Amino acid sequence: MNIRSKAYFYILLYLTAVITPLIAVIIFNPETEEGFFDNLGMSFALLGFTILSLQFILSSRIKWFERPFGLDIILRFHRAMAIFAVFLLLIHPLLLSAGSRGFSLLYGLNVSPFIWTGRGVLILLLIIIFISMYRVTIRMDFQRWLRVHSTLAIIILLGGFIHSFFTGMDFEKFPMKVIWILLLAQALFFYIYHRKFRLKRLHRSVYQVVDVVQESHNVYTLKFQPSKGAEPLQYFPGQFHFITLHREENQPVEEHPFTISSSPSQKDIISSTIKFSGDFTSTIHKTKPGHKVLIDGAYGRFSYTLFPDENKLVFIAGGIGITPFRSMLHHMRDTHAEKEVRLIYSNRTQKDIVFLEELNELEKETFPNLKVTYFLSNPGENWKGQTGKLNGERIKELCESDFHSLSFYICGPPGMTDKLASELQRSGIHYSQIHLEKFSF
């Protein structure tokens, strides 16, 4: 089964799982005395809870499930489905109130504990959606958000199960009870897998830091090597991984995603190039050779090797978004890949350009056929390259007559990535010719 067939199969499998409880209700409980609003409200609840229970497999980083899509795509889908499920579950009590239950269902105090449980679940759902959408605005650091999110998710799952199992009339039928218990069981399995078994597997292949290289005033490259007996990480150029650094006692032990900036042709060394951008990354320079590292990966589909029919490529990088392109360019050089590549690299100032000398040297190589264009939005007096903001029109000018036949790879700040992708599509580039890398999960 090829990768596209697998993608269609997993989508069909997901959709089947989502609608199975609704189909089961129709089969096992075809006759009902409930009115339209009651039936619609209960259907929304069935659909909403089913989607929430399947969220755990979407976020568990199962590689066979991730491979056809890329983890970044799956996690953004995970977020969108969470919002959709919350919408369904919020509408659920309103529809029941408009039906036979009456509006006292929403505010009445003399209700069963299971109704109170449902109300609590709805409040927690609103909280988890709010902190997920506005984490940066409320200044909640990533690790704290992750802990709160994971804790609330399992409480919501259990609370939603208890509420629905003991209040829903559909669950008087034995087959429906079995389906609901299976949904709960699979969610708990993937939750435990992600929190326990995955970590245990990572501890069996510990890496260590072998070098720390300062690339610019606020960017460092960490180089890792597998410990004796550990298998080297298998990855495509351009993919990313999650790393957990174990350093001195006063340094944070946190898991974060970073692009792999090395090439798979470097058999024993894997590296990530990291910019100061938060509490954790601002301590990267304190990492030392000998520190232990856990690596989970590799993930993503942002790699030219996964699209072998594309031969004329445009790499568009913003700031630290150069890292996957560095990996791909080195791989092209080492494997003598006959590709034509135009790299358009945008930064604020010249001192922000990462790998400047290295990119200039790669431009002189036979493989790939590389041409680099630098953009600076705040150039100095002696700067002789392109200036100003990068946009679709300027990209089109640089690409000249080949524009509509090229494949575009974009990696940078989320705002820049989305803006350029939209502008390219408005200029006539088909969405299948545009590949994005975004860490704004």
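Each reported figure results from applying straightforward, stated rules to the coordinates on display, with no laboratory input. Everything numeric in this text was worked out from a predicted model, so none of it was measured. Every residue, glycine among them, receives a Cβ derived from its backbone with ideal geometry; neighbour counts consider all protein chains shown.
Taking A45, A82, A230 in turn, the Gaussian network model of the chain (Cα-Cα springs below 10 Å) assigns the largest fluctuation to A230.
Counting only alpha carbon atoms, the long axis of helix 113-133 and the longest principal axis of the chain meet at about 20°.
Would you list, by chain and number, the lysines whose Cα falls below 17 Å from the Cα of K419, excluding same-chain residues fewer than 8 positions away? Of all the lysines, those that pass the test against K419 - Cα under 17 Å, at least 8 places apart if same chain - are K389, K396, K438.
Seen against the Cα atoms of the chain and their longest principal axis, helix 3-28 is set at about 10 degrees. With neighbours defined as other Cβ atoms within 10 Å of a residue's Cβ, the residues V210, V25 order from fewest to most as V210, V25. With the largest listed first and rounded to whole Å, the semi-axes of the equivalent ellipsoid of the range 97-213 from the Cα gyration tensor are 38, 22, 9.
For K275, the aspartates and glutamates whose Cα falls under 12 Å of its own Cα, not counting residues fewer than eight places away in the same chain, are E215, D352. Here the range 100-161 and the range 332-367 have alpha carbon centers that stand 48 Å from each other. Shown in residue order for the range 360-371 are the 3J(HN,Hα) couplings computed by the Karplus curve 6.51 cos²θ - 1.76 cosθ + 1.60 at θ = phi - 60°: 5, 6, 5, 5, 7, 6, 6, 10, x, 7, 10, 10 Hz (x for Gly and Pro).
Amide H contacts of H435 (H built 1.01 Å from N, in plane; Pro and chain starts excluded): F408, Y409, I410 sit under 5 Å, all sequence-distant by 5 or more or on other chains.
Couplings 3J(HN,Hα) for the range 90-105, derived from phi with the Karplus relation 6.51 cos²θ - 1.76 cosθ + 1.60 (θ = phi - 60°), are 6, 6, 3, x, 5, 5, 5, 5, 6, x, 7, 6, x, 6, 5, 4 Hz, where x marks Gly and Pro.
Ordering V372, V219 from the fewest to the most neighbouring beta carbons within 10 Å gives V372, V219.
The phi torsions of the range 413-428, fed into the Karplus equation with coefficients 6.51, -1.76 and 1.60 and a -60° offset, translate into couplings of x, x, x, 5, 4, 5, 4, 5, 4, 5, 5, 5, 5, 5, 8, x Hz, rounded to whole numbers, with Gly and Pro shown as x.
Here is the list for the range 388-441: trypsin sites (Lys or Arg not before Pro) lying in DSSP coil, each with at most 10 other C-beta atoms within 10 angstrom of its C-beta, are K389.
Sorting M328, M176, M133, M81 from the fewest to the most surrounding beta carbons within 10 angstrom yields M133, M81, M176, M328. The range 256-274 and the range 371-394 have Cα centres separated by 28 Å. Placing unit charges on the Cβ atoms of the charged side chains and taking the dipole of the chain about its Cα centre, the candidate lying farthest along the positive direction among I179, V354, L199 is L199.
If I take R0 = 45 Å and measure r between the Cβ atoms of E249 and F84 in this structure, what FRET efficiency does the formula 1/(1 + (r/R0)^6) give, to the nearest 0.05?
0.55
When the Gaussian network model of the chain links Cα atoms closer than 10 Å, the mean-square fluctuations of T151, T287, T244 top out at T151. Toward the positive end of the charge dipole of the chain, with +1 on the Cβ of Lys and Arg and -1 on the Cβ of Asp and Glu, the farthest Cα among L329, F49, F189 is that of F189. Computed over the chain with a Gaussian network model linking Cα atoms closer than 10 Å, the most mobile of S272, S100, S132 is S100. Under 29 Å of direct C-alpha separation, and excluding same-chain neighbours fewer than eight residues apart, K173 reaches no lysines at all. Calculated from DSSP H runs of 4 or more alone, at -39500 (n - 2.57) each and per residue, what is the 222 nm mean residue ellipticity of the chain, nearest 500? Here the helix-only value at 222 nm equals -14500 deg cm²/dmol. For the chain, the relative contact order comes to 12 percent (Cα pairs under 8 Å, sequence separation of at least 6). Under a 5 Å amide H cut-off, with hydrogens placed 1.01 Å from N, E254 pairs with L245 among residues at least 5 apart or on other chains.
Amide H contacts for L343 (H built 1.01 Å from N in the peptide plane; partners 5 or more residues away or on another chain; cut-off under 5 Å): F315, K371, V372, T373. To the nearest ten degrees, helix 323-335 and the longest principal axis of the Cα atoms of the chain are 60 degrees apart.
Max-minus-min Cα coordinates of the range 58-98 on each principal axis give 44, 13, 12 Å, with the largest extent listed first.
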